[in-house]
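What follows is a short report on a single structure.
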Amino acid sequence: MIEAINVKVGPQFYRYSEGALDLIPELLNEFQAQRVMVVHGTISWQKAQAYLPSLLNHEAVVHYEQYNGECSYNEGNRIATLVAEKDIDFVIGVGGGKLADLVLYAAHLANVQFGVIPTLASNCAAWTPLSVMYKDNGMAEGKSEHVKRQAAFLLMEPRLLIDAPIEYFIAGVADTMAKWYESDMILEQEEFSKESFPMMARHAARMCKEVILEESTKAIEDMKNGQVTPEFIHVSEIIVAVAGLVGGLGDKFARNTAAHALHDAISAYLPEVHKFLHGEKVAYGIFYQLALEGKWSVIDDLIPFYQQLNLPMSLTQMGVYPMSEATLSDIIGLVHSKQKVHLLPMEINEDILTKALIDLESYLDNKEVI
């Protein structure tokens, strides 16, 4: 038996369908919500309101609050303070991944229940019980806040999701595919073979890889055409819900390892990559993870898919490599400091981590794909 696993399956109630948002009054009654705060963004909120008449007309809703665009400690504390001052007993987040993370963190601080309505299918933030923290200026803090609570409800409306910027969906495709590559080497070990929840996580992670590779091209084309098709529904649900299940079922053994650690590090030390979306940076992180594991043939297999989706494959392609030795040392130092990287069943030290990055840049350069 491995050490105890914290299983955090997902929201108490989940629905993905046209008209799902009409369930809000019933759900607010179920959770006995009397004073509700809706935290929202800007453009996404303008689009979402068309699908929220039941929320906008609900007598319990008393306050709307626009967030500052970042899931930061300052913003989390600001929202939590407002919740206390206005005696709010339920918070609803309407927006993308950073907003979902912010609402989770603020609800944790304020000790209230919360629900999430995604306006993007770009990651699994709406599902997972953790918040990736950023500074107020958008630079990464390099760490996440993990809590025990999860959303009281998660509602997804496909007509709202398909109207989102296409680049966020593509970034979500890459972020979701990472679920398999980051957990594969860990969960293939014999010690996990009879562990029920890690094996369920492995099955979900395999779904993430297979559905993405088989159906995402069609789903992206459908999204460009504004058509809610079975492929779009399937892929967007994999991005938000099934990807979230991977870490929920497998805990730290299936959440993320080198790909996300590298994402955190370049986000913390390279301001130039701030223009890239989370999933785009994770896409590069997948290649870094595979280089670290010596799986160069898998990189070769993925290159055409990356090129088709215009995903970044290297730091050179992102315009930040070569870099100074000091910056490289800072990046590798942050990766090395992440406990999750050391869950990989292989020797990990700063020299090995550095060599993987340098070798990856050289390998792709020699293939003339960067």
Original post:
Within the group 125, 152, 110, which residue is open to solvent by 10 Å² or more (accessible area, probe 1.4 Å) and over 17 Å from residue 246 (Cα atoms)?
Top reply: 110
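Residues are listed down the side, and each one gets a yes or a no for (1) open to solvent by less than 10 Å² (accessible area, probe 1.4 Å); (2) part of a helix (DSSP H, G or I); (3) at positive phi:
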residue: 45; (1), (2), (3): no, yes, no
residue: 78; (1), (2), (3): no, yes, no
residue: 106; (1), (2), (3): yes, yes, no
residue: 115; (1), (2), (3): yes, no, no
**OP:** For the stretch 171-191, name all the residues that are among the aliphatic types (A, V, I, L, M), surrounded by fewer than 23 Cβ atoms within 10 Å (Cβ to Cβ) and either assigned to a strand (DSSP E or B) or out of contact with any Phe, Trp or Tyr (no Cβ under 9 Å at 6 or more places or on another chain) (or both).
**Re:** 185
Original post:
From the set of residues in the stretch 329-342 that are over 15 Å from residue 286 (Cα atoms) and crowded, with 19+ Cβ neighbours inside 10 Å, which is nearest to the chain's Cα centre (by Cα)?
Top reply: 338
Subject >> Residue ID - surrounded by the most Cβ atoms within 10 Å (Cβ to Cβ), chosen from residues in the stretch 348-370 that are without any contact (Cβ under 8 Å) to a residue 24 or more places away in the chain and among the polar types (S, T, N, Q) >> reply: 362
Original post:
Considering only helices (runs of 4 or more DSSP H) fully contained in the stretch 275-347, which possess at least 1 residues that are in contact with a Gly (Cβ under 6 Å, 6 or more places away or on another chain), within 18 Å of residue 209 (Cα to Cα) and in contact (Cβ under 8 Å) with a residue 12 or more places away in the chain?
Top reply: 278-292
Subject >> From 43, 5, residue being at pLDDT below 95 and in contact with a Phe, Trp or Tyr (Cβ under 8 Å, 6 or more places away or on another chain) >> reply: 5
Original post:
Pick from the stretch 130-149 the residues that are among the aliphatic types (A, V, I, L, M) and open to solvent by 20 Å² or more (accessible area, probe 1.4 Å): which of them is farthest from the chain's Cα centre (by Cα)?
Top reply: 139
Original post:
Can you name the condition, by its number, that residue 62 falls short on among (1) in contact with a helix residue (DSSP H, G or I) (Cβ under 6 Å, 6 or more places away or on another chain); (2) among the β-branched types (Val, Ile, Thr); (3) not in a loop (DSSP other than H, G, I, E, B)?
Top reply: (1)
**OP:** Kindly list, by first and then second residue, each pair from a residue in the stretch 67-89 that is within 14 Å of residue 105 (Cα to Cα) and among the aliphatic types (A, V, I, L, M) to a residue that is assigned to a helix (DSSP H, G or I) and open to solvent by 70 Å² or more (accessible area, probe 1.4 Å), limited to pairs with Cβ atoms under 6 Å and residues at least 6 apart or on different chains.
**Re:** 80/109
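The values are calculated or read from the model by the stated rules, or taken from the named source; none is laboratory data. Nothing here was measured: the structure is a model prediction, and the numbers come from that model. Positions of Cβ are backbone-derived with ideal geometry, glycine not excepted, and every protein chain shown enters the neighbour counts. Accessible surface areas use protein heavy atoms only, side chains included; no ligands, DNA or RNA. Shrake-Rupley method; radii C 1.70, N 1.55, O 1.52, S 1.80 Å.
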